[in-house]
Amino acid sequence: MNRLRKVAWGRVATITVVLVCLGYAPIAMTELWPYAHPGAPAFGQWILARTVSPKYVADALATRIGPYGRSLVPLIVHSVLGGLLMLLGPVQLLSALRRRVRLHRASGVVFALTVYASMAGAALYLARTAPADAFGGAAFWIVLATILVGTVLSVSFGILAAVGRFPDLHQRWMLLCYGFLMTAPLLRLEWGVLPWVLPGLSMAQVNQVAIMHLGSLVTFGALLASRALDKRERVPGVTGSWVPLPVLALAHLAGAVALAWIVRSYLGWGATGHRLLAAYLLPYAAVYAVLLVRQWRAARAGHTWAREEWRLHLTALCLAPVLSAGAALPLQHSLGLDRQTALCAGVAIGCGMLAFTATTVVSLRVMYGREVLERAEPAAARRTRPAAATATATATATELDGFHGGVR
């Protein structure tokens, strides 16, 4: 029964991601057409006008004419290529799950080049747009810049992992990259849903609510997918833990202090602060609970590698409020922000940046484990290592093509 339940959830998750990507692709590609040619069709705007209201969409468009007009060509490049990435993502996912190696590699090259080109367009827009003119204010501009950097670094590290014959790390970085890309369709979903939950909010205010949790949700989704695909109980050369219990306890203590300060600050900002705080705390608590339970279950089952990865991400999540609180002052002074905006920006980027850091530490753990094995390898065996390494990498890649039982 447990096996069937896991298979069902794996299939549901895969189908859901594919459908969201396919549904969002035409929306992304046509989103900016009305700015270039007034009256041009835009599927996303048409849907929002009917699910929320035409005024809701019209008010949002009116504030974007100036900022978008100054960078329309880079934005169109970014959005059209972003829609293409939504189509390439399912191709990458399904070709990996079905072990279509040639298709996966070819589409992977196109995917990586498209990421770089799309993010170049976004970078030009951000460079030409003052933070205060972003759709949702300066905090949203900072979040966009952070996602851009995270996306580019993730795909770059994914390429390096593939070249270095680390299929498990390649898988993690590419899933994280796509997680960052998924912030776009998820934000559009919140544009349509949150006005029903929080009536009266403008689209810009919805953006401010959404950035409180989108970073933590997409990186958490990437982690869940990585752990579901990685069935190994142990990784050769990886022993012990880089996060012993005293370190984990200190991370909890530091995080609790920083979180208390954040809560106190938000509670002093009236209804707006309460709304933003709820948008941050509820997803944060849910992710924390899952990570805590998963690392405990893995430890109890003796799955040392799973326990280590869950624990590294749990530690990062605990330290996210520390980064958020610590980033507020530098952001406030370097960009000339008010205290509230600076703290909102710090909170919005904290979980995503620490999840990226945790993935980096996981990569270092695996790479260090290989180095330990190589140092312990006898000189005679070292001379025959290239063939053995190729066989090991192939075996690992096959083992990590998880979910195949769930999607067939």
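Of the residues ALA161, ALA134, ALA123, which is buried (at least 16 other Cβ atoms within 10 Å of the Cβ), aliphatic (A, V, I, L, M), touching a residue at least 24 places away in the same chain (Cβ under 8 Å) and in contact with an Asp or Glu (Cβ under 9 Å, 6 or more places away or on another chain)?
ALA161
Report yes if some residue within region 234-250 is farther than 19 Å from ALA358 by Cβ and of a type in the set (Phe, Trp, Tyr); otherwise report no.
no
For region 338-352, does any single residue satisfy the condition of being at negative phi, surrounded by fewer than 17 Cβ atoms within 10 Å (Cβ to Cβ), at pLDDT 55 or above and of a type in the set (Ser, Thr, Tyr)?
Among the residues of region 338-352, not one is at negative phi, surrounded by fewer than 17 Cβ atoms within 10 Å (Cβ to Cβ), at pLDDT 55 or above and of a type in the set (Ser, Thr, Tyr), which makes the answer no.
Please go through region 294-315 and pick out each residue that is crowded, with 18+ Cβ neighbours inside 10 Å and among the basic types (Lys, Arg).
ARG294, ARG307, ARG311
Which one of the conditions (1) at pLDDT 90 or above; (2) surrounded by fewer than 14 Cβ atoms within 10 Å (Cβ to Cβ); (3) under 21 Å from the mean Cα position of the chain (by Cα); (4) among the β-branched types (Val, Ile, Thr) does VAL73 fail to meet, given that it meets all the rest?
With (1) at pLDDT 90 or above; (2) surrounded by fewer than 14 Cβ atoms within 10 Å (Cβ to Cβ); (3) under 21 Å from the mean Cα position of the chain (by Cα); (4) among the β-branched types (Val, Ile, Thr) applied to VAL73, the lone miss is (3).
Which numbered condition trips up LEU85, out of (1) touching a Leu at 6+ places or on another chain (Cβ under 7 Å); (2) without any contact (Cβ under 8 Å) to a residue 40 or more places away in the chain?
(2)
Identify, from the list ALA260, ALA279, ALA254, ALA228, the residue that is more than 24 Å from SER363 (Cα to Cα), within 20 Å of the chain's Cα centre (by Cα) and hydrophobic (A, V, I, L, M, F, W, C).
Only one candidate qualifies: ALA279.
Would you mind stating whether LEU169 is at pLDDT 95 or above, of a type in the set (A, V, I, L, M, F, W, C) and under 17 Å from the mean Cα position of the chain (by Cα)?
Here the answer is yes, as LEU169 does meet what is asked.
The values are calculated or read from the model by the stated rules, or taken from the named source; none is laboratory data. Because the structure is predicted, anything quoted here is derived from the model rather than measured. We place every Cβ from the backbone using ideal geometry, glycine too, and count neighbours over all the protein chains shown.
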